[in-house]
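The values are calculated or read from the model by the stated rules, or taken from the named source; none is laboratory data. If you're wondering where the values come from, they're calculated on a predicted model, not measured in any experiment. Cβ placement follows ideal geometry from the backbone for every residue including glycine, while neighbour counts extend to all protein chains displayed. These area figures cover heavy atoms from the full protein model, side chains too; ligands, DNA and RNA do not enter into them. Shrake-Rupley method; radii C 1.70, N 1.55, O 1.52, S 1.80 Å.
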Amino acid sequence: MSFDRYGADVLSSATPAPVPHRRRPVSRPQAAERGLVVEDVETGWVGAVVRVEKSGGMHIVVLEDRAGRTRTFPLGPGFWVDGEPVELTAPVTTRAPAAPTRTASGSRAVADVRARVARGSRIWVEGKHDAELVEKVWGDDLRIEGVVVELLDGVDNLAEALEDFSPTAERKVGVLVDHLVPGSKETRLVAEALRGVRPGTVKVLGHPYVDVWQAVRPERLGLTTWPVIERGTEWKRGILRELGWPAAEQADVARGWQRILGTVRTYADLEPSLLGRVEELIDFVTAD
């Protein structure tokens, strides 16, 4: 004898037993932390949280699937995590960013130290671009040591500047010169300027580059080496043309330098032949 589990009359009009009402699950808040695996209910897309950002006035979450593909969704309800509905919220960052332990020059960073009152000693550089590069990499160190960097406006002015400054053992001068190589005009001018200067009061050091731009490692600009510019061509504008950047006006030169300077993050982005010279000059003017 078989058992009919549906009853004797499946078309009977008898009122069936009531089915218990199931409550719709309520979404719980869930911080969209990086790496959290979620599913978008509407599309079925499953991926790990890559980042949360603000775009077009709203917060969005970027999900990456196993194949490395990414999709962007509005942050909020409409997601599942571990089979439960969630409302994704922006992750809360409570920790303050860690203070750097090193300065851009590689020196140990010293927190909560006021800049020292300026020393009598000075470091002179030939031009504005040299000063900006020294400030970007060694600025923190120089402020702690109380060393002021001043513009010489060309090595041609060195002799007159030294005569006006009258350096002494307590008021020393360190000078950074471009293209200081044997037989160059710069080498001759430095030799003439140092005649009659008291020994131990002035140190002149230089790098081999035509301009301080070349002290920036070419890799920072996507180059293997800096281009060679023909004689008779203004070097900076020639470089800008080689890079494919505007070079018609002096303003183009200024903008070009700012782009180059913007690629410099730390001392590691500069050539060693400049690094050693600047460090030596700082040591000279800060030695008691």
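Accessible surface ranking for 207, 179, 1.4 angstrom probe, highest first: 179, 207.
Taking the Cβ-Cβ separation of residue 42 and residue 135 as r and a Förster radius of 51 Å, what is the calculated FRET efficiency to the nearest 0.05? Once rounded, the FRET efficiency stands at 0.45.
The string of couplings for region 239-250 from the Karplus curve (6.51, -1.76, 1.60, θ = phi - 60°) is 5, 4, 5, 4, 7, x, 9, x, 9, 6, 10, 4 Hz, one whole number per residue in order, with x for Gly and Pro.
Which one, 60, 41, 30, is farthest towards the positive end of the dipole of region 29-88 when Lys and Arg carry +1 and Asp and Glu -1 on their Cβ? The one lying farthest along the dipole's positive direction is 60. Rounded to 0.05, the FRET efficiency of the residue 70 and residue 242 pair, given R0 = 35 Å and the Cβ-Cβ distance, is 0.40. Less than 5 angstrom separates the built amide H of residue 45 from those of 40, all sequence-distant by 5 or more or on a different chain.
What FRET efficiency comes out for the pair residue 33/residue 221, r = Cβ-Cβ distance, R0 = 22 Å, nearest 0.05? The pair residue 33/residue 221 has a calculated efficiency of 0.05. Across region 211-220, coupling constants 3J(HN,Hα) worked out from phi with the 6.51/-1.76/1.60 Karplus curve, θ = phi - 60°, read 9, 5, 3, 5, 6, 7, 4, x, 4, 5 Hz, and Gly and Pro carry x.
The label-point distance for residue 250 and residue 197, in a model that sets each label 7 Å from Cα toward Cβ, rounds to 2.8 nm. The amide H of residue 86, built 1.01 Å from its N in the peptide plane, has 28, 78, 79, 80, 81 as neighbours under 5 Å, considering only residues 5 or more places off or on other chains. Quick one: length gained pulling residue 166 to residue 259 fully straight, 0.36 nm per residue minus the C-alpha distance? Extra length from residue 166 to residue 259 when fully extended: 29.7 nm. Annotation note: GluC sites (Glu not before Pro) in region 248-288 located in DSSP loop regions with a Cβ neighbour count of at most 11 within 10 Å are 249.
Shown in residue order for region 49-65 are the 3J(HN,Hα) couplings computed by the Karplus curve 6.51 cos²θ - 1.76 cosθ + 1.60 at θ = phi - 60°: 5, 8, 6, 10, 8, 9, 9, x, x, 9, 7, 10, 10, 9, 10, 10, 8 Hz (x for Gly and Pro). Accessible surface comparison of 267, 209, probe 1.4 Å, protein chains only, largest first: the order is 267, 209.
Per residue, the solvent-accessible area of region 202-288 (1.4 Å probe, heavy atoms of protein chains only, all protein chains present) comes to 53 Å². Each of the peptides 46-57, 68-79 was scored by the mean count of other Cβ atoms within 10 Å over its residues; in descending order, highest first, they stand as 68-79, 46-57. What GluC sites (Glu not before Pro) in region 147-222 are in a loop by DSSP, with at most 15 other Cβ atoms within 10 Å of the Cβ? Of the GluC sites (Glu not before Pro), the ones in loops of region 147-222 whose Cβ has at most 15 other Cβ atoms within 10 Å are 170.
Between the amide H of residue 175 and those of 124, 203, 204, 205, distances stay under 5 Å, these residues lying 5 or more places away or on another chain, with hydrogens modeled in the peptide plane. This model, with +1 at the C-beta of Lys and Arg and -1 at the C-beta of Asp and Glu, gives region 117-232 a dipole about its Cα centre of some 340 debye.
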